[in-house]
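K.L.:
Below you will find the structure I want to go over with you.
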Amino acid sequence: MGGDPVRNLRLTLEYDGTAYAGWQTQAGVPTIQATVEEALGRLLKAPTRITGSGRTDAGVHALGQVANFATAARVPLKGVLHGLNALLPPDIAVRRVDEMPPDFDSRRSAVEKTYQYFLHLGPAPSAFARRTSWRVKGRFDCDAVAAGARCLVGAHDFAAFRGAGCDSRTSHRLVHDAWLAPRGEFAEFGVRGTAFLRHMVRNMVGTLVEVGLGRHPPAWVAAVLASRDRQQAGPTAPPQGLFLAAVRYDVAPLERCP
């Protein structure tokens, strides 16, 4: 007779990435992946490797990062949820646990991702927002940025927004929506698409901020995109304003918690 059947469990994670060198495990530095795996190993009493929906850079946050792992442990989903949260540091939280079909993969099964980037446009700095937004000084035209963001929607070659060291085979991507929403002293840039290149969202933001500060018209964003030249785009926005907001799947869970 065989042992207990292996389950494929999915975690939805929220984290403040300030103290971490990104998602992916790296020697000698704290990472989200390594921290979650260490807690899982303690909870399940066996080394456990997780697969994330994608990497986030050092200092980048998540509201809806997704990871899955295989386990033969019979800990109920509620026990995984509460047990992990008891073992994890307070800047990482498991928001839900699902049992998924055996062939589910957090990265390969993803059909859409949404990112948010927060700009602080207020006249004075904030002691709290400095960890979760980019403070942009000067008169800022949100309407112009919204118009520029619309140039990014559609299927394009995003080579102009591709970060150095990106290992994707192609720079062609499909962006379903891109927007800027003013929120008091802040503005939220959001983008939703099938997949993203390394630093793509931060390079978009850096380019759009140039428009917001009046250095270029909104149509310049379309010209940058058409150039396929990274040197034509704006600077890379700093990491602390970026959040992986959500990852969408078309695969239904076998069991949910909560």
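K.L.:
Taking a cut-off of 18 Å between Cα atoms, list the aspartates and glutamates near Lys137, but don't count ones fewer than 8 places away on the same chain.
P.N.:
Partners within reach: Glu185, Glu188, Glu210.
K.L.:
Please name which of Val60, Gly28, Ala146 has its Cα lying farthest along the dipole of the chain towards the positive end, using unit charges on Cβ (Lys, Arg +1; Asp, Glu -1) and the Cα centre as origin.
P.N.:
After comparing all options, I get Gly28.
K.L.:
Going by Cα centres, region 1-47 and region 233-258 are how many Å apart?
P.N.:
Cα centres, region 1-47 to region 233-258: 17 Å.
K.L.:
Report the trypsin sites (Lys or Arg not before Pro) located in region 215-250 that are in a DSSP loop and have at most 14 other Cβ atoms inside 10 Å of their Cβ, or state none.
P.N.:
Answer in residue order: Arg215.
K.L.:
Whole Å is fine, so just give me how far the alpha carbon centre of region 162-200 lies from that of region 52-107.
P.N.:
24
K.L.:
A follow-up question, please. Return, for the Cα atoms of region 167-258, the radius of gyration and Dmax in Å, separated by a comma.
P.N.:
Considering region 167-258 through its Cα atoms, Rg and Dmax are 15.7, 52 Å.
K.L.:
Tell me, what % of the accessible area of region 115-157 is carbon and sulfur with a 1.4 angstrom probe?
P.N.:
55
K.L.:
Give, as a single signed number, the net charge of other residues whose beta carbon lies under 14 Å from the beta carbon of Ala181, with Lys and Arg counted +1 and Asp and Glu -1.
P.N.:
Summing Lys/Arg as +1 and Asp/Glu as -1 gives -1.
K.L.:
Might you tell me the accessible area per residue for region 1-112, computed with a 1.4 Å probe and given in Å²?
P.N.:
Counting only protein heavy atoms, the per-residue value for region 1-112 is 46 Å².
K.L.:
Let me know the whole percent of all Cα-Cα pairs from the chain that are separated by more than 33 Å.
P.N.:
The calculated P(r) of the chain puts 25 percent of pairs beyond 33 Å.
K.L.:
Quick one: what does P(r) look like for region 1-127 with 10 Å bins over all Cα pairs, in whole %?
P.N.:
Result, from short to long distances: 12, 42, 31, 10, 4, 1, 0 percent.
K.L.:
How tilted is helix 77-87 with respect to the longest principal axis of the chain? Cα atoms for both, answer in degrees (0 to 90, nearest 10).
P.N.:
70
K.L.:
Considering only protein heavy atoms, what per residue accessible area in square angstrom results for region 128-221 with a 1.4 angstrom probe? Walk me through the numbers on the way to the answer.
P.N.:
Values: 4510 Å² over 94 residues.
That works out to 48 Å² for each residue.
K.L.:
If you project the alpha carbons of region 96-215 onto their three principal axes, what span does each projection cover, largest first, in Å?
P.N.:
The principal-axis extents, from largest down, are 52, 35, 25 Å.
The values are calculated or read from the model by the stated rules, or taken from the named source; none is laboratory data. Computed from a predicted structure; not experimentally measured. Cβ: placed from backbone, ideal geometry, glycine included. Neighbour counts: every protein chain shown. All accessible areas refer to the heavy atoms of the entire protein, side chains included, with ligands and DNA or RNA removed. Shrake-Rupley method; radii C 1.70, N 1.55, O 1.52, S 1.80 Å.
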